Amino acid sequence: MSDRLTRPFARWSRLASLAAVGLALSACGFRPMDAHRPDEPGAPELARIDIPPIPERVGQLMRSGIARRLNPSGAAADSAYTLRVSYGAATVGRGTRSDDSAIRNDYVLNVSFSLEAKPDGDTPGRLLLSGTSSAVTRHNNPEQLYAGYVSERAAQERAADMAAEDVARQIRLYFRYPQNYPVTAAPQVPPPAAPTRPTRP
């Protein structure tokens, strides 16, 4: 049988093997450690996290991405926590043309966050968790202005989605394994991690 005929069979064979492995892992109860499960410990508390607005378009994308991952059903619940998020972004040129303009750009997004418990009666609010996250995406920098604008916005969207996934993952792990985290003191507002606006080379 020729290579042209055997190649599709080999590809389907590999895909079938991967599918079988996935089914076997699912059958034995395997799940990624940070995968979202409605029945996981602390899951009901995730719907009680309030996320204040985050400035600018990238911040809005991150906010909606985090909220969607922490509370996929969108179920309403009494707010008991505040998740504060700040970020900084920069654009770094890679490669140069004859006119010194960049051929490609790296969009670098640095995020800081803090999770606070809101005051409840005589119980004061306190900082539960703080952390950081970074995301880097690369995009072409074409000479056409509009094409470059579209490419840059797409890179920002990818970076915002990556950062939202990582922040939500850290929050889920905190509620799943609170015993692994030290008790902290009063709430703190995270400082911006980098310049707040991207800069073009």
Relative contact order for region 36-180, counting Cα pairs under 8 Å that sit 6 or more residues apart, in percent: 25
Scattering profile of region 36-180 at q = 0.11, 0.12 Å⁻¹ [log10 I(q)/I(0), Debye over alpha-carbon scatterers]: -0.49, -0.56
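Throughout, read-outs are computed from the coordinates displayed, never taken from laboratory work. Fair warning: this is a prediction, and the values are worked out from it, not measured in the lab.
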